[in-house]
Structures are given as C-alpha cells and as structure tokens.
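Trainee: My questions will all concern the structure given below.
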Amino acid sequence: MKNIYKILIAFIGVLAVSCNSDAVDERPILNVVAAPEITAPTTGQNYVLDVEKASDEVAKFTWSAAEYSTDVAIKYTLLIDKKGGDFKSAKTLQTTTNSITEVSVLAKELNQAAIDLGGKPEVAAEYDVKITSNVSGSFTQVSKGLISITVTPYVGKVEYNFVDWYLVGDATVSGWDNNKGNQILFRSAKNANEYVFTGYFKKGYFKAIQNLGSWAPMYGGKDGSLVYRATDGDQDPPSIEIPAEGYYKFKMDVQKLAYTLEPYAAGATAPTYSTVGIIGDSTAKGWDASTPMVKSTFNAHIWTLGVTSLNDGGMKFRANDAWDVSWGGTTAFSGGGTGDNIPVAKSKYVIYFNDLDGSYLMIPNQ
C-alpha cells in the first residue's frame, strides 16, 4: 500500500511540473524595440546654481518613450556622470514610471549630484546626462545619445555623521510636547556616544528623543541605566526623575546604556550675560562684530541661533560684545572648554551654546 501511495505522489508531481512548463511556454516573450532618447534640454546648456534658490526648478528634462514588444510598466531613470564617464558610478537625478517622460530637476538635486561626482563648489565643470528604461529591473535600455551640460555648484553638504538627542518632559522647557523648542543635548567632542546637558530643570520627569515630532527612537532610564525604545511599537521606557527644581548635570552614554544625574550647585550663582554672540572670519561680520544669539526664557544660560550662513574659517562665542569673556573649542560641530578658534566649514548651521560650561553644538546643512 505504501508503494502505491509513493507512485501516486510521484505521478502528481510530474503532472504539476508538466502543467507549469506548459504555462511558461504560453507566456508572451518580451522584446526591446527602441531605447528612450533625451529631447530636451539641448546639449551645451550652462547651469550656475544659487544656494538661495536651492528649491527652484533649474531644468526640465524630456525624452521619447521607450518601446517594448508588448504593453508593460516601464521605469525611467535620468542619470548624470562626469564628462566622459562610463556611467558605472553615475548619480540618479530623477525616476518616473509608465507614460511619464519628463521631470523637473531642482537646483539642490543637480547641485548634490555634481558635488557627489567630484565637482568643486563655485567651479564650472562638464557632465554627461543619459536616460535609461527597464521593466521590473530587467530589459534595460540605455539611450544611445547623451547630452553634455556645464554645472557650477554651490557649497554642497558638509559631512555630518552624528546623531542628535533632545530632552522632552515636564521637567524641561518643552514639557511633554515633542516638537516645541526642545532642549538639545550637547555631544562630547571626544566621544560621539556621550551627551551632556548642564542646566536648569523643573521638578518632574524627562526622556530623550532623537527626532523632533516623534516618540521613537527614545531613551528613558532608571537608577543610572538607560532604556532604549527603537520604534513606536516597543515598550515605553521609564522617565528619569528630577526630584526638585534647580540646576543639574545630566550625562548619558548611548553605547554603555548608562547615565548620571547630579546637582550642579554652581548654576544658581553663575553670572548671566545680556548678550552672547558668534564672532570670527567664518561669520558675516568677521572679527569686527558679534552676531547675536537668542537667550532662552527658560534657562538664562542657553543660547540659540537659527539657520545661519557661515564660511570656511574660525569662530568663537563671546559675551556682552566684548572680549572680557569668550569661549572656543578645537573641534568642528561640538565641543567647548578652550579658548581656541572653532573650525568651521562653509554651510548653513543651526547653533546652540551653553555659557555654564562652554558647550556648543553646530548642525550643518540646514
């Protein structure tokens, strides 16, 4: 009886394979007929990009439709490479699907592509542009012709491979609103996993969030141990308690999953300043005058400066538009505690400063 079952199962398997083979043989064969070709703009166009118009359209690319032997869903990819390149390291400007055979390219998209391909800011260089089509990742067709354009990029993105964290909770300036001027944590210049905030807290609780407007990723904690929440679906971590209002120093290490919270008695008697500003050859006013920052109404020692254009060079923070009290650092983006000029790369920054300990944080590409 067992042998009969085995023979029957084998027969059914052969029949199934036979049926599947027939179905494959009956499928229509897809052939490529004609590759798409760029019809506009014409070759030789010159684009001088303006950082103040980064979100403006600078070019509209159009092309002829690709042709295949049957109606299929087509994906188009507009590619750019340095002049004479083989397009193996080309950058994608835009993609479309089906009957859409034109795209608008923004200044910031063309700018970033040029920078990524080795272009130097404010230096004109030539680039080649092609259009390709494919069906489900296969049957790729590449335009036989290409157009050449000249692009003068503005300053591209400054490399910034760091994660920033913000405080949230009724002990902090923003309360439990996760997108209302939340206090940022200052990152250590020597250890990118270590963050600190020295300042005023109300009696209550707080946590740390990575993205404003989102409750995950998040850190909470208890008894010196950090508890991580990766997604909204994960359990909410405990809040860290501030037992009484006053000044504290909070430090967390996201690699060791540890934190410390200690009273900071010097905060209550520390001097306050009427103004704090940035100054240096990287700033709009050079070394001649300070660019004023905005003082927090919650904590008189915290200062911020919204989106601000800075040039290559150096910078310091100083109080009361004088050199009696000033702060600096040796490292870009974050640091403090020295009188050195802070190194700055040309970009637009949001800037944070704490006059209690000289901590600064500068986030580029804003």
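Trainee: For region 197-305, divide the Cα radius of gyration by the Kirkwood radius and give the resulting Rg/Rh value with two decimals.
Mentor: Details: Rg = 17.5 Å, Rh = 16.3 Å.
So for region 197-305, dividing Rg by the Kirkwood Rh gives 1.07.
Trainee: Which ³J(HN,Hα) values in Hz, rounded to whole numbers, follow from the phi angles of region 294-306 under the Karplus curve 6.51 cos²θ - 1.76 cosθ + 1.60, where θ = phi - 60° and Gly and Pro get x?
Mentor: Result, ordered by residue: 9, 7, 5, 7, 8, 9, 5, 10, 9, 10, 9, 9, x Hz.
Trainee: A follow-up question, please. Quick one: the Cα spread of region 43-139 along its three principal axes, in angstroms, biggest first?
Mentor: For region 43-139, the Cα spread along each principal axis is 47, 27, 22 Å.
Trainee: Note the direction-averaged projected area, equal to a quarter of the hull surface, for the Cα convex hull of region 60-213, in nm².
Mentor: Mean projected area of the Cα convex hull: 14.0 nm².
Trainee: In the structure shown, do any of Lys60/Lys348; Lys202/Lys256; Lys190/Lys256 have a Cα-Cα gap over 18 Å, and if so which?
Mentor: In this structure, Lys60/Lys348; Lys202/Lys256 exceed 18 Å between Cα atoms.
Trainee: Nearest 10 degrees is fine. How inclined is helix 2-26 to the longest principal axis of the chain, computing both from alpha carbons?
Mentor: Its long axis makes an angle of about 90 degrees.
Trainee: Can you compute the FRET efficiency between Ala265 and Asp312 using 1/(1 + (r/R0)^6), with r the Cβ-Cβ distance and R0 = 35 Å? Round to the nearest 0.05.
Mentor: Here the calculated transfer efficiency is 0.30.
Trainee: Now for a different question. With every protein chain present, what is the per residue accessible area of region 20-170 (1.4 Å probe, Å²)? Can you show the working numbers first?
Mentor: Values: 8250 Å² over 151 residues.
For region 20-170, the solvent-accessible area averages 55 Å² per residue.
Trainee: Let me ask something additional. Given the -39500 (n - 2.57) contribution per DSSP H run of 4+ residues, what per-residue ellipticity at 222 nm results for the chain, rounded to the nearest 500 deg cm²/dmol?
Mentor: It lands at -3000 deg cm²/dmol.
Trainee: With a 1.4 Å probe and all protein chains kept in place, how much accessible area does Asp312 have, in Å² rounded to the nearest 10?
Mentor: 110 Å²
Trainee: Return the Cα extents of region 189-256 along principal axes one, two and three, sorted largest first, each rounded to a whole Å.
Mentor: Answer, in whole Å and largest first: 34, 30, 25 Å.
Trainee: Something else: In nanometres, what is the gap between the two model label sites at Leu257 and Ala216, each 7 Å from Cα along Cα-to-Cβ?
Mentor: 1.6 nm
Trainee: Does region 304-350 classify as rounded, prolate or oblate by the C-alpha gyration tensor (a ≥ b ≥ c root eigenvalues; a/c under 1.5 gives rounded; else a/b over b/c gives prolate, otherwise oblate)?
Mentor: It comes out oblate by the Cα gyration axes.
Trainee: Then there is this: Can you grab the distance from the C-alpha centre of region 289-366 to the C-alpha centre of region 119-197, Å, no decimals?
Mentor: One Cα centre to the other: 22 Å.
Trainee: Bins of 5 Å, beginning at zero and ending with the bin holding the largest distance: percent of Cα pairs per bin for region 124-183, please.
Mentor: Over region 124-183, the share of Cα pairs per 5 Å bin runs 4, 12, 10, 7, 9, 8, 10, 7, 9, 10, 9, 4, 0 percent.
Trainee: If I stretch the segment between Asp116 and Asp324 completely, what's the gain in nm (0.36 nm per residue apart, minus their alpha carbon distance), one decimal?
Mentor: 70.5 nm
Trainee: Another question, then. In nm, to one decimal, how far is the modelled label at Thr338 from the one at Val32, with both set 7 Å along Cα→Cβ?
Mentor: 5.6 nm
Trainee: Please report the accessible area of Leu261 (heavy atoms, 1.4 Å probe, ligands and nucleic acids excluded) in Å², nearest 10.
Mentor: For Leu261, the solvent-accessible surface is approximately 50 Å².
Trainee: Compute the length gained on full extension between Phe298 and Ser138: take 0.36 nm times their separation in residues and subtract their Cα-Cα distance, giving the result in nm to one decimal.
Mentor: Working: separation 160, 0.36 × 160 = 57.60 nm, distance 5.87 nm.
Length gained, Phe298 through Ser138: 51.7 nm.
Trainee: Taking the chain as the reference, fit the longest principal axis to its C-alpha atoms, fit the long axis of helix 107-116 to the helix C-alpha atoms, and give the angle between the two in degrees, 0 to 90, nearest 10.
Mentor: With both axes taken from Cα atoms, the answer is about 90 degrees.
Trainee: Given the Cα-Cα distance of Asn193 and Asn98 and 0.36 nm per residue of separation, how much length would full extension add, in nm? Don't skip to the end; give the middle numbers.
Mentor: Values: separation 95, 0.36 × 95 = 34.20 nm, distance 4.59 nm.
29.6 nm is the gain from fully extending Asn193 to Asn98.
The values are calculated or read from the model by the stated rules, or taken from the named source; none is laboratory data. Note that the structure is predicted; figures quoted are calculated from it, not measured. Glycine also receives a Cβ, built like all others from the backbone with ideal geometry; neighbour counts cover every protein chain displayed. Protein only, heavy atoms only, side chains kept; ligands, DNA and RNA dropped before computing areas. Shrake-Rupley method; radii C 1.70, N 1.55, O 1.52, S 1.80 Å.
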